[in-house]
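All remarks here apply to the structure that follows.
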């Protein structure tokens, strides 16, 4: 059941329902929505935490990571068939921001 919930949560994240760096709904709300115990939701969120999709802050909540794998896969998928000129433009936009995190 926790795996199924994790899959649903990943779909919501990749669809943009929750924004990057945004806070996920509390475990209590998700447990009520899915009709399961909080421990089940906690396990599902742990799966997302293990793969780097979310990060937990005790007392503050669970937050999406800035570059979750699902959103990166979607971006790369959209780039297929892109011209070299367009790729250079994309790099010029992304690389300075990426370098600022280094």
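Answer with a single label: of (1) 6.4; (2) 10.1; (3) 7.7, which was calculated as mean projected area of the Cα convex hull in nm² from the structure in view? From the options (1) 6.4; (2) 10.1; (3) 7.7, the structure gives (3). Between helix 2-14 and the chain there is an angle of about 40 degrees, using the helix long axis and the longest principal axis of the Cα atoms. Here the relative contact order of the chain, from alpha carbon pairs under 8 Å that lie six or more residues apart, stands at 28 percent. For helix 69-79, what angle does its Cα long axis make with the longest principal axis of the chain, in degrees from 0 to 90 and rounded to 10? With both axes taken from Cα atoms, the answer is about 30 degrees. Think of it as helices only: each DSSP H run of n ≥ 4 in the chain is worth -39500 (n - 2.57), and spread over all residues that comes to -19000 deg cm²/dmol at 222 nm. Anyone know which of 85, 44, 31 comes out most mobile in the 10 Å Cα GNM of the chain? Of the options given, 85 has the highest mean-square fluctuation.
If I fit a long axis through the Cα atoms of helix 84-100 and take the longest principal axis of the Cα atoms of the chain, what angle between them do I get, 0 to 90°, rounded to 10? With rounding to tens, the tilt is 60 degrees.
No lab work stands behind these numbers, since they all come straight from the coordinates. The shown structure was predicted, so the numbers you read here are calculated from the model rather than taken from an experiment.
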